[in-house]
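Take a look at the structure set out below.
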Amino acid sequence: MPTPSLTWSHVAAWRLSQHHLLERADRKKLLNVVNRIGGVQAQVMSAAELALWARVEGLSSAEVQNALWQKRTLIKTWAMRGTLHLIAASELPLYVAARGAYPIHRTPSYYTYHGVTPAELEAIIDGLPKTLSDKPMTREQLADGLAKRARKPGLREALLSGWGALLKPSAFRGDICFGPSQGQNVTFVRPSEWARKQAAKWKPIEPPEAQKEIARLYLTAYGPATTDDFARWWGLEASQAKKTFRSLGDEIEAVEVEGWKAWVLASTLEQMKALKATRSLRRLVRLLPQFDAYVLGVARDCEPLLPKKFKARVYRPQGWVSAVVLVDGRMEGVWDYDQQRAGAVVIKVEMFALPSPAVKRGVQAEVRRLGNFLESEVELTFA
């Protein structure tokens, strides 16, 4: 039986639809959007809010903050790749269990680099859930409390140096997440106490099944994809990603996209083909912020969605990912904005090629939406 074939137009249309970029979601579906794309990267909080703005019609920053700190239906924590993400509180057990599907091996250099012994790290992991509650603690308060509980004064200095590396193992276990900031100080809480209404519904998930469910989620939102793509997105070794894909058995199917070989969920293949047939893309323009999930999910050597000569403009040194102008699912420019200059936000767009009138109109429409979100007058310049 021949390998099914797709075009890059199929792929773009499918990914746009799954990311709510083809048709934006209703504001009431905020959590659905977060779940659909596997969380929102949030080491830059303003970028996380803009990632949701790009996908949810009429969303305000206040609604995101409300979901995080009042309703507590969103949680900010370290997730895949050890990077800060916003994930739905209801889904935390899935992400925690999936992290446990493969053992973590820490080399001696890990302990040397972070200035702790294996016993001290275990003291942190054991002490965190006993120290935290639903009452936010600053990093300094947490370091003091842990050092006192473990009777290891040296832990305080280790916990206050660097940026959270020694807290990540506990985040992967579901024992710590961020609370609301107190001025310039971040705070931490225990998820099961902080999101108590959601925690009451949590059910344990076996790690192998959780990892399979994460792979299904990934292929639904980012497929077609290779095992290397999945390994990079989740933060696995290549062999672990291959093992996960093999565990899905006949749930996945090999496809060829204009010569590129990848995998899809078998249940989505016909939908991918039908979407291109029923919904043609005609200069659909979207502004995506820094570290956007759509951009993070694209293979680094995917020429049809990002020409190689412009790759360095998007995927920059030290893991920095630019805000992009998306046209029909392809990255065709980058953009940035300066907060409040002469009473307005100045948005600077740099297209990789001279934009057509239709693309210019699309950018202008996106900028108007952005002005509404930022609650500011906006000025658009094309570089």
(request) May I ask you to list the lysines whose Cα is less than 17 Å away from that of Lys360, ignoring any residue fewer than eight positions away on the same chain? (result) Lys348
(request) Let me know the shape class of the stretch 206-254, please: from the alpha-carbon gyration tensor, a ≥ b ≥ c as square roots of the eigenvalues, rounded when a/c is under 1.5, otherwise prolate if a/b is greater than b/c, or oblate. (result) rounded
(message) Using the basic label-point model (7 angstrom from Cα toward the beta carbon), what is the Ser267 to Lys197 distance in nanometres?
(response) 2.9 nm
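At a 10 angstrom cut-off on C-beta neighbours, averaged per residue, how do the peptides 226-232, 146-152 rank from highest to lowest?
Numbers: 226-232: 19.4, 146-152: 17.7.
Peptide ranking by packing, descending: 226-232, 146-152.
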(request) Give the cross-link partners of Lys152 among the lysines, using a straight C-alpha distance below 30 Å as the criterion and excluding same-chain residues fewer than 8 apart. (result) Lys76, Lys130, Lys135, Lys168
(message) Let me make sure I get this right: for the chain, a, b and c are the square roots of the gyration tensor eigenvalues over alpha carbons, sorted descending. Under 1.5 in a/c it's rounded, otherwise prolate if a/b > b/c, else oblate. Which is it?
(response) oblate
(request) Name all residues of the stretch 61-85 having a backbone nitrogen under 12 Å from the label point set 7 Å from the Cα of Arg149 along its Cα→Cβ direction, giving them as ranges. (result) none
(request) Specify which residue in the list Ala323, Leu142, Ala254 is farthest towards the positive end of the charge dipole of the chain, using unit charges on the beta carbon of Lys, Arg (+1) and Asp, Glu (-1), about the Cα centre. (result) Leu142
(message) Taking the alpha-carbon distance from Lys203 and a cut-off under 13 Å, which aspartates and glutamates remain once sequence neighbours fewer than 8 residues away in the same chain are dropped?
(response) Glu91
(request) With an 8 Å cut-off on Cα pairs and a minimum separation of 6 or more residues, tell me the relative contact order of the chain in percent. (result) 18 percent
(request) For every helix of n ≥ 4 consecutive DSSP H residues, a contribution of -39,500 (n - 2.57) applies; sum these over the chain, divide by its total residues, and give [θ] at 222 nm rounded to the nearest 500 deg cm²/dmol. (result) -12000 deg cm²/dmol
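Give, in nm to one decimal, the length gained when the segment between Ser376 and Glu23 is fully stretched (0.36 nm per residue of separation minus the Cα-Cα distance).
On the way: separation 353, 0.36 × 353 = 127.08 nm, distance 2.47 nm.
Gain on extension, Ser376 to Glu23, equals 124.6 nm.
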(request) Mind checking which of Ala89, Gln211, Trp8 is farthest towards the positive end of the chain's charge dipole, using Cβ charges of +1 (Lys, Arg) and -1 (Asp, Glu) about the Cα centre? (result) Ala89
(request) For Ala254 and Glu122, calculate 0.36 nm times their separation in residues minus their Cα-Cα distance, and state this gained length in nm to one decimal. (result) 43.3 nm
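Relative to the compact-globule scaling 2.2 N^0.38 Å, provide the ratio for the alpha-carbon radius of gyration of the stretch 1-66.
On the way: Rg = 14.6 Å, N = 66, 2.2 N^0.38 = 10.8 Å.
That works out to 1.35 for the stretch 1-66.
Each value in this text was obtained by applying a stated rule to the coordinates, not by laboratory testing. Predicted model, so just to flag it, every value in this text is computed and none were measured. Here Cβ is always computed from backbone atoms with ideal geometry, including for glycine, and neighbour counts include all displayed protein chains.
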